[in-house]
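Following: one structure in structure tokens, then a few remarks.
Throughout, read-outs are computed from the coordinates displayed, never taken from laboratory work. In this text, all values refer to a predicted model and were calculated from it rather than measured experimentally. Cβ atoms come from the backbone with ideal geometry, glycine included; neighbour counts cover every protein chain shown.
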Amino acid sequence: MSSAWVIRFSYLTGLLYKRFENFILLTRLNRPIGIFLLLWPTLWALWLASDGNVDLRTLLVFVAGVVLMRSAGCAINDFLDRNFDKRVKRTADRPLAAGRMKPVTAVVIFVSLAALAFALVVLFLNRLSMYLSIGAVLLAMTYPLMKRITHLPQVVLGMAFAMSVPMAYATYDELKIETLILYVGVVLWTVVYDTMYALVDKEDDVKVGIKSTAILFGDMYRLIIGLLQVGVFLALLLVGDKHQMTYPFYAGLGTAALLAGYQLFLVYDREPARCFRAFLNNGWYGAFIFLGIVFHYVLLEKSYSVHFYVLLGYVGSVLLVYFMAILRHASRRFWVFVALLTGPLALFLVPFARRHL
């Protein structure tokens with residue numbers, strides 16, 4: 001592959017990125033970690049609820065729903081927080097806070113994306129899943145407001161993110177006790193990683209009056225985060241027992257437990273950059289649990305269509321390109337955008353990435 005072709009391709013995709021830059025920044029499509037944190041428990045639940053027999057249509061509906069609702073959630077969050085974001089260093093350059101986008105535009109984007117996600121549910125899932133999706137949208141809209149009312153907005157965010165769990169079980173089976181256990185586990189996990197995220201902005205949040213678990217936990221944050229991680233681990237153990245999972249699942253869960261310990265190490269001194277690294281590391285935490293679930297069913301000789309492997313390769317390639325861009329010190333925003341457009345092809349392009357593109 002000639003470098004000239006790569007340069008031309010990079011130039012064209014760069015133009016496309018610039019054309020839709022404010023939309024991409026508003027919906028955080030340039031930061032796929034949020035998509036993965038919402039996607040992993042969705043995939044856990046789909047595989048568990050279907051006993052490893054996930055059909056392609058349902059998989060595509062849930063994956064598309066994750067991307068749409070995460071993007072919609074970011075839009076409504078920035079709309080409601082636009083006056084706060086102006087006063088926080090990390091968020092001051094967001095499109096609404098910086099005045100590069102009108103507030104009404106963000107509302108239109110939120111309504112459009114949420115409507116598309118709801119249409120997918122109505123067209124392709126059952127009635128119970130439709131009712132549950134309404135609750136998910138309401139929780140997503142409520143989360144930004146909770147920052148003004150309670151120090152537990154992370155719990156509300158977790159309740160919203162975890163709604164994919166009962167939706168998955170409702171699609172394939174009835175709601176059972178393991179549905180509730182997994183739901184609680186995902187809520188706890190969300191509180192863990194969003195507290196790590198909130199530690200990054202703790203001082204600014206105190207100044208502007210935003211509440212969070214990072215502020216509520218105070219100097220006890222290490223102990224409380226650790227106890228919450230234990231709660232997530234126990235919930236997943238119980239779910240594994242209910243579904244009679246085998247050693248690949250427990251190997252994945254054990255690897256995730258090691259990552260949880262590493263995250264505690266990173267947040268120990270509450271240094272913002274290390275706290276953010278701990279937050280990002282949760283993407284791997286969720287991935288290893290999913291791999292454990294998948295390999296459990298693979299070893300049980302569950303067969304998958306070629307479409308499944310294509311989709312898995314696409315999702316995996318986006319994640320790999322993201323981390324390769326970090327290693328290359330290249331623009332993560334640009335290369336994730338390229339990966340979303342080209343899938344695995346981006347893996348052959350990113351080695352040519354220029355530093356600080």
task = Hand me the GluC sites (Glu not before Pro) from the range 152-252 located in a DSSP loop with no more than 16 other Cβ atoms within 10 Å, in residue order please.
result = E174
inquiry  = Please compute the length gained on full extension between K102 and Q244, using 0.36 nm multiplied by the number of residues separating them and subtracting their Cα-Cα distance.
reply    = 45.9 nm
ask   = Hey, which of these cross-link pairs are over 27 Å Cα-Cα: K147/K176; K89/K211; K89/K147; K86/K147; K211/K242; K102/K147?
value = K147/K176; K211/K242
For the range 53-196: rounded, prolate or oblate by the Cα gyration tensor [a/c cutoff 1.5] = oblate
log10 of Debye I(q)/I(0), alpha-carbon scatterers only, for the range 118-218 at 0.18 Å⁻¹ = -0.83
key: Anisotropy class of the range 31-304 from Cα gyration tensor, a/c 1.5 cut   = oblate
